[in-house]
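To start, the structure under review is shown below, and the notes come after it.
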Amino acid sequence: MRIDILTVFPDYFAPLDLSLVGKARKDHIFEVHVHDLRHWGVGAHKQVDDTPYGGGPGMVMSADVWGTALDSIQRVDAPLVHKPLLVIPTPSGIVFNQSTAADWTAQGHLVFACGRYEGIDSRVAVHYSDHPDWAGVSEISLGDYVLAGGEVAVLAMIEAVTRLMPGVLGNPGSAVDDSFSIPGGLVEGSVFTKPPLWRDLEVPAPLLSGNHALIAQWRAADSARRTSINRPDLMGDSPQV
Ligand code: 6GU
């Protein structure tokens, strides 16, 4: 997979050199290219935004700057068979979840367009959703709160997607038990390691029993307990435990 990120703050993406994602990049499991949108900015000040039509606070990022930038990104992939999927992070998008992450692992090329200020001229999303050289446009939100720009959201999405790719996690089983990995499932349960007694708190006895049926039963009950406390919204259609 190839990932391109367009942003006016390329430094936000330094963490992609670290940890699991950094190692997977070194291992050529996927590649990430970060581009400074100002490269395509206009005039002496490399301007990327302008005042909003209809008035209102703040600035809107220009369709022309984004169009020139995105066309040149698409062209680098043209010799490959993959059409890029354009992802536009925005609090007004569809909410990202584990099944979005799993779906995107099947894409050959993801292009993330990080908006700042009041967002990107809406004609950009319309243009690329109907474009024969692109796989479509996803306007995606992380949840019901507002960030200053798309950069932090893109870091989260990239980590969620790439950790599902074969060879990224040291232990592939780690992703199988993930919260939300089963649609309609429960959140993950509590975890413990040595010592068995810490500050008056004991590890639950079933986990020390060596009895696999008892351990599975305790974990299922604990997972249901945590889900009903933290995420009652997930309880309705969960499978019976
Ligand atoms: Cl994707 N972008 C911004 N700016 N704010 C958000 C978000 C995205 N998701 C939740 N809040």
Can you name the residue in the range 100-127 that is assigned to a helix (DSSP H, G or I) and away from the ligand (no atom under 16 Å from the Cβ) and, of all such residues, is most open to solvent (accessible area, probe 1.4 Å)?
ARG123
Does any residue of the range 41-59 turn out to be open to solvent by less than 30 Å² (accessible area, probe 1.4 Å), in contact with an Asp or Glu (Cβ under 6 Å, 6 or more places away or on another chain), in contact (Cβ under 8 Å) with a residue 12 or more places away in the chain and not aliphatic (A, V, I, L, M)?
no
The condition of being within 14 Å of the ligand (Cβ to nearest atom) and surrounded by fewer than 17 Cβ atoms within 10 Å (Cβ to Cβ) holds, among ASN171, ASN97, only for ASN97
The range 144-158, subset near the ligand (Cβ under 7 Å from one of its atoms) and among the aliphatic types (A, V, I, L, M), residue nearest to PRO15 (Cα to Cα)
ALA153
Looking only at residues that are more than 21 Å from the chain's Cα centre (by Cα) and within 22 Å of ASP130 (Cβ to Cβ) in the range 75-89, which one is most open to solvent (accessible area, probe 1.4 Å)?
ARG75
Have a look at SER62, SER92, SER72 and point out the one that is within 14 Å of the ligand (Cβ to nearest atom), more than 14 Å from the chain's Cα centre (by Cα) and either over 24 Å from PHE9 (Cα atoms) or of a type in the set (Ser, Thr, Tyr) (or both).
SER92
Among residues of the range 174-199, those that are open to solvent by less than 50 Å² (accessible area, probe 1.4 Å) and either of a type outside the set (A, V, I, L, M, F, W, C) or in a loop (DSSP other than H, G, I, E, B) (or both), counted
9
In the range 128-137, anything outside any helix (DSSP H, G or I) and either open to solvent by less than 30 Å² (accessible area, probe 1.4 Å) or more than 16 Å from the ligand (Cβ to nearest atom) (or both) is listed as ASP130, HIS131, PRO132, ASP133, TRP134, ALA135, GLY136
Confirm whether HIS35 is under 22 Å from GLU118 (Cβ atoms) and either open to solvent by less than 50 Å² (accessible area, probe 1.4 Å) or of a type in the set (Asp, Glu) (or both).
yes
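Examine the range 208-217 for a residue that is under 30 Å from the mean Cα position of the chain (by Cα) and of a type in the set (Val, Ile, Thr), and state whether such a residue exists.
No, the conditions are met nowhere in the range 208-217.
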With the checklist (1) at pLDDT 95 or above; (2) more than 10 Å from the ligand (Cβ to nearest atom) in hand, flag the one item HIS82 doesn't pass.
(1)
If you take the residues in the range 1-56 that are of a type in the set (Asp, Glu) and in a strand (DSSP E or B), which one is farthest from the chain's Cα centre (by Cα)?
ASP50
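The values are calculated or read from the model by the stated rules, or taken from the named source; none is laboratory data. Worth saying up front: this structure is predicted, and the values here are computed from it rather than measured. Positions of Cβ are generated from backbone atoms using ideal geometry, with glycine treated the same way; all protein chains shown enter the neighbour counts. Areas reflect the complete protein model, heavy atoms only, side chains present, ligands, DNA and RNA absent. Shrake-Rupley method; radii C 1.70, N 1.55, O 1.52, S 1.80 Å.
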